[in-house]
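Reading through the structure tokens given below for one structure.
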Amino acid sequence: MFSLAGKNVVVIGGSRGVGRQIVESAHRSGARVLAVARQQATLRALEQDISGVRVLALDATDEGAPAKVFGTLEPDILVLCAGAFPPAAPFQRQSWQEFAVNWEADVRMTFHFCKAALSRPLAAGASVIVISSGAALAGSPNSGGYAGAKRTQLFLANYAQKESDRLGLGLRFSALAPRMVPDTELGKHAVEGYARYLGISAADFVRGMAAPPTPSDVAAGVIELAADPDRAKGNVFIVSGNGLEAARA
């Protein structure tokens, strides 16, 4: 098991799903962990379940969110895992507000936190890991602007790495693009939406997936990259049930 003993790990979107699994894995690896999310109730449950994990409730899309987070715990490892549920319908059946929901949540959060990491800046050697989606590489015709938003997260991580290198900040930015994770609320939402779209059952859709990852697989990938930041620097990784695989974004 990789050790993060003595490291400060901040997980944005850390109260449920993949984010919560990352919080649990980082805590087991010896890190000091701060979980950030909007909902007080899920954060309180997390705090009760895992002794020693700190929590902070705020809207990560707010421009002032990074300053509040970094003022609470300056991260050695910052994981950006928050995001909105995308629509589950062909784009012609969506309003613009539905189509753009992930731009206003996932991209906006990534923009603010990557900008703050560079502008503050975080200490040399700090790592920022952006949790994007396999849809960023393969597309997703039944979820509006989701794939484009997740692709833009990859661009932002890449741009941030180039800026860190240009300015000599010594920061490391990377991104994970997990394939659809059926065992999460977001994954179930996507499975049900695509099953309806294709006219098959949700069970048949899942059976047709090749090595779908679990939340634990994604968390293990995050911990692996956090423990080996030079490998992570500037790279994008696909996450499946078979582990990490380098990708070309």
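FYI, it's all coordinate maths here, none of it is from the lab. The model shown is predicted, which means the values in this text are computed figures rather than measured ones. For neighbour counting, all protein chains shown are included, and Cβ atoms are generated from backbone atoms with ideal geometry for every residue, glycine included.
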Would you please name the residue that is farthest from A157 (Cα to Cα), looking only at residues in segment 107-131 that are in contact (Cβ under 8 Å) with a residue 60 or more places away in the chain and not in a helix (DSSP H, G or I)? G125
On the basis of being under 15 Å from the mean Cα position of the chain (by Cα) and either outside any helix (DSSP H, G or I) or not β-branched (V, I, T) (or both), does A136 make the cut? yes
Elements of type strands (runs of 3 or more DSSP E) contained in segment 16-106, each with 3 or more residues being touching a residue at least 12 places away in the same chain (Cβ under 8 Å) and more than 16 Å from the chain's Cα centre (by Cα): 54-57
Looking for something in a helix (DSSP H, G or I) and either under 30 Å from P121 (Cβ atoms) or in contact with a Leu (Cβ under 9 Å, 6 or more places away or on another chain) (or both) - is there at least one such residue anywhere in segment 178-199? no
